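What follows is calculated from the coordinates using simple rules that are stated; it is not laboratory data. Every value quoted in this text rests on a predicted model; they were computed, and no experiment measured them. A quick note on method: Cβ atoms are made from the backbone with ideal geometry, for glycine too, and the neighbour counts reach across all protein chains shown.
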Amino acid sequence: MNEPYLINFPKIGSLETGYLSICENEKLLFIPKRIYWTYLTPENIERGGHAHIELEQILVAVAGKIDLTIQTFDKKLFEFHLDQPNLGVYIPKKSWRKMKYSSNAVQMCIASLEYDEDDYIRDYEKFIQLSTK
Ligand code: TYD
């Protein structure tokens with residue numbers, strides 16, 4: 001799985017009762033080691049700006065909207081607009097990502113590995129150099 005893609009999670013419920021979504025079975029692409037979430041991100045802020053060497057992730061906008069740009073190791077560009085809580089994006093390892101958020105956005109990230117700063121590539125030039133090797 002070298003390319004990012006949109007995941008459509010099951011959605012159970014109705015406007016009358018409210019909804020529930022589930023990430024399991026084939027939609028859960030790895031056994032998670034960590035879940036984290038971001039919130040109250042100002043609209044003028046861009047987050048991300050890094051790649052991971054081994055980490056795989058699934059991002060979900062459980063509230064609000066997230067615009068996500070991903071550049072894969074083979075230099076393909078992908079754009080996603082998450083605006084429903086039943087949608088997610090799979091981000092493969094070695095992908096450069098940038099995210100912008102609506103002010104009410106809550107981003108949940110399901111991660112394949114525990115936090116490790118050594119797994120980050122935070123220098124875009126270094127990412128490009130590694131990807132051209
Ligand atoms: P970072 O991954 O750069 O955030 P984003 O991709 O949302 O811009 O992380 C921001 C800071 O939080 C950075 O100092 C590392 C720290 N951090 C942890 O300590 N543990 C974690 O699980 C995560 C994701 C980040």
Exercise for review: Give the relative contact order (percent, whole number) for the chain; include only Cα pairs under 8 Å separated by 6+ residues.
Suggested key: 35
Point to revise | Spin-label model distance (nm) - Y19 vs A63, 7 Å beyond Cα toward Cβ | key: 1.6
Review point. Near K27, which lysines are there with a Cα under 30 Å away, not counting those fewer than 8 places off in the same chain?
Key: K11, K65, K75, K76, K93, K94, K98, K100
**Study point:** Stokes-Einstein translational diffusion, the stretch 5-133 - Kirkwood Rh over all Cα pairs, 1.002 mPa s, 20 °C, in µm²/s
**Key:** 140
Check your understanding: Using helices alone, what [θ] at 222 nm do you get for the chain, with -39,500 (n - 2.57) per DSSP H run of 4 or more residues, divided over all residues and rounded to the nearest 500?
Key -> -2000 deg cm²/dmol
Practice item. Evaluate E = 1/(1 + (r/R0)^6) for R122 and L77, where r is the Cβ-Cβ distance and R0 equals 22 Å; express this FRET efficiency to the nearest 0.05. Key: 0.70
Point to revise | Counted charge near K93, where neighbours are those whose Cβ lies closer than 13 Å (Asp, Glu -1; Lys, Arg +1) | key: -4
Study note, to complete from the structure: If unit charges are put on Cβ atoms (+1 for Lys and Arg, -1 for Asp and Glu) and the dipole of the stretch 62-133 is taken about its Cα centre, the option from S102, N86, Q71 lying farthest towards the positive end turns out to be Q71
Point to revise | Length gained when the stretch K33-E114 is fully extended (0.36 nm per residue, less Cα-Cα span) | key: 28.6 nm
Study note, to complete from the structure: Quick calc, the chain, dipole around Cα centre from Cβ unit charges on Lys, Arg (+) and Asp, Glu (-), nearest 20 debye, gives 200
